[in-house]
Amino acid sequence: MSEAYLPDGLPIPVPEPNGLSAPYWEGLRREALMVQRNAKTGVYQFPPQWIAYDTQTFDVEWVEVEPKGVIYSWTRVWHPVHPALADACPYVVVVVELPQAGGVRMLGNLLGDPRQDVVIGAEVECVFEHHPDAAPPFTLAQWRRTAG
Amino acid sequence: MGVGETDYYRHGQAPEPEFKLCLKAILAACEDAGIDPKGIDGFASYSNDRNDPPALAVALGVRELRFSNMQWGGGGGGGAGAVANAAAAIAAGLADCIVVYRALAQGQFGRFGQGPRARTVYGDVALSAPYGQMSPAQWYAPKAMRFMFDHHIGQEALRAIAMASYHHAQANPRAIMYGRPLTEEAYDASRWITEPFHLYDCCQENDGAAALIMTPAERAKDFKQAPSYVLGAAIGAGYRVHSTPAGFATPDLASSHFQTLAPRLYEMAGVGPGDVDVVQAYENFTGGVLMSLVEHGFFAPDEAMDFLKLENLIAPSGKLPLNTSGGNLAECYMHGLELEIEAVRQLRGQSTSQVPSAQVSLTIAGPMVTPVSTVLFGSEAVL
């Protein structure tokens, strides 16, 4: 897909054979950002786990959250460690915190000029980056600075 | 106690197989201690070392194998942990002569700093690798970036840590970077690997092997060298520290994860940070050294820019001589076991950058991973 931030050839994400994170990956394909929540306490968690981090019970549910966040930290990668990235540097990786989901964090790339100033605390919105021609097809949650 | 090392090589350049390197390091440690290798009765290592104790015991003619131990997880974070596990086994009476060892020949096997070549990935790797986040430098950079942001710490602090290692390597003929000094200008001009890490903020990858022999304290004077004693040690991490590559989810992201360990270490050892004469702090990346020194109580985060100046970090005169053999950056990346050996050398007075009358010697293993570990060695004078 031509609109992707990074070139083709990186490892393709798939759910585990046991399906733990399948709701997350299926959600992205239909442009829904899904995270887990403790059904009893309402405490959010990510990455996916079989057990609730707060109460050690197994009644963990999946919920859709508003696809936005703030930049918690970042790095700009200049040295490629994978052949697919040989001509793709620099690129920016951001750690995004989702205040509306209990502060869970996710990784992603910060779309736009890879040499832009990256500002910790800046608001970002999720961009669903579809890879329909991959085998199997997948969608990544990417991030861009919120306009204004 | 005895210590031993092979020659150190650039990664992939060892002229011998890894298992043979491992045997040579152990035999060198036995020679240093003045013991017969057949008398070794235990083995402790970390980071899934490929040379397993049963094979080593057979090869070394070990008469009776009593302890065979692997520190789980944490990569180089297990270096001090392997020493701690050996000390615990000795204190508990499981074994009397344990060798702590690590061997690496990356030409024979794979390298650390390369991304996965699999076509598909799942689990935590799937949450990072598709974004090009797939090497240790990339995983740990955001931790250092956030810590530097929170405490207004500039690149000069990381540079001073790198300069200290290179400075000490110039006195150490074993060091890979011996004869290759680093200047501030060369650091500043060096390429970024991943911000905030320049090339010189990142460890080498090397081939070689290293080993330490440990025995009960009451036997320590039977050996050739002046004994070094384990004063205290700690292994672990705080609340919900995720393994990489899911480290981004760790609530306390901007940490090297020694906050809960350092108080236990000092309490067990009966000393405080002010008593420490010399520090070997594992440089996977300089940002980890920065945070681990803070978490061990040597200075507050907002004092980092004043404390982390080259003159404070070099032997013999600095306030806190750091990585006095050249460390992972400039001596050799023997996964940090060479740092444990240097800590012992300092107590014996055998370092190539000796701290005058060093009595308390600290080694910090593998900051930013989980579990991490840390150990304090002391001379007889501080018992």
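The values are calculated or read from the model by the stated rules, or taken from the named source; none is laboratory data. What you see is a predicted model, and the numbers here were worked out from it, not measured in a lab. Quick reminder, even Gly has a Cβ in these numbers, built from the backbone with ideal geometry, and neighbours come from all protein chains shown.
For B:Q259, the conditions (1) within 19 Å of the chain's Cα centre (by Cα); (2) buried (at least 20 other Cβ atoms within 10 Å of the Cβ); (3) modelled with pLDDT of 95 or more; (4) assigned to a loop (DSSP other than H, G, I, E, B) all hold with the exception of (2). Within the option set A:V14, A:V35, being within 19 Å of B:M134 (Cβ to Cβ) and in contact with a helix residue (DSSP H, G or I) (Cβ under 8 Å, 6 or more places away or on another chain) holds for one residue only, A:V14.
Restricting attention to the stretch B:179-186, does a residue exist that is in contact with a strand residue (DSSP E or B) (Cβ under 9 Å, 6 or more places away or on another chain) and either buried (at least 23 other Cβ atoms within 10 Å of the Cβ) or touching a residue at least 24 places away in the same chain (Cβ under 8 Å) (or both)? No, that holds for no residue.
Please state which one of B:A358, B:A365 is more than 15 Å from the chain's Cα centre (by Cα), buried (at least 24 other Cβ atoms within 10 Å of the Cβ) and in contact (Cβ under 8 Å) with a residue 40 or more places away in the chain.
Values: B:A365 fails: more than 15 Å from the chain's Cα centre (by Cα).
Only one candidate passes the filter, namely B:A358.
Would you call B:L339 farther than 20 Å from B:A169 by Cβ, in a helix (DSSP H, G or I), touching a residue at least 24 places away in the same chain (Cβ under 8 Å) and in contact with a Phe, Trp or Tyr (Cβ under 8 Å, 6 or more places away or on another chain)? Criteria not met by B:L339. When restricted to residues that are within 17 Å of A:C126 (Cβ to Cβ) and among the hydrophobic types (A, V, I, L, M, F, W, C), the stretch A:55-108 contains 16.
B:Q350 satisfies every condition listed in (1) assigned to a loop (DSSP other than H, G, I, E, B); (2) touching a residue at least 12 places away in the same chain (Cβ under 8 Å) except (2). Total residues in the stretch A:9-59 satisfying the condition of being more than 17 Å from the chain's Cα centre (by Cα), more than 11 Å from every other protein chain (Cβ to nearest Cβ) and part of a loop (DSSP other than H, G, I, E, B): the figure is 13. Here the condition is being within 14 Å of chain A (Cβ to nearest Cβ), more than 22 Å from B:L337 (Cα to Cα), β-branched (V, I, T) and touching a residue at least 12 places away in the same chain (Cβ under 8 Å); of B:V121, B:V125, it holds for B:V125 alone.
Residues checked against (1) in contact (Cβ under 8 Å) with a residue 60 or more places away in the chain; (2) of a type in the set (S, T, Y); (3) under 30 Å from B:W192 (Cα atoms):
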site	(1), (2), (3)
A:Q56	no, no, no
A:V60	no, no, no
A:K68	yes, no, yes
A:V81	no, no, yes
A:A84	yes, no, yes
A:C89	no, no, yes
A:V94	no, no, yes
A:L111	yes, no, yes
A:R145	no, no, yes
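Within the set B:F223, B:F197, the sole residue that is under 30 Å from B:L127 (Cβ atoms), of a type in the set (F, W, Y) and in contact (Cβ under 8 Å) with a residue 40 or more places away in the chain turns out to be B:F197.
The set of residues in the stretch A:60-97 being surrounded by 17 or more Cβ atoms within 10 Å (Cβ to Cβ), among the small types (G, A, S) and not in a loop (DSSP other than H, G, I, E, B) consists of A:G69, A:S73. Name the single residue that is surrounded by the fewest Cβ atoms within 10 Å (Cβ to Cβ) among those in the stretch B:133-172 being charged (D, E, K, R) and more than 12 Å from chain A (Cβ to nearest Cβ). Once the filter is applied, the top-ranked residue is B:E156.
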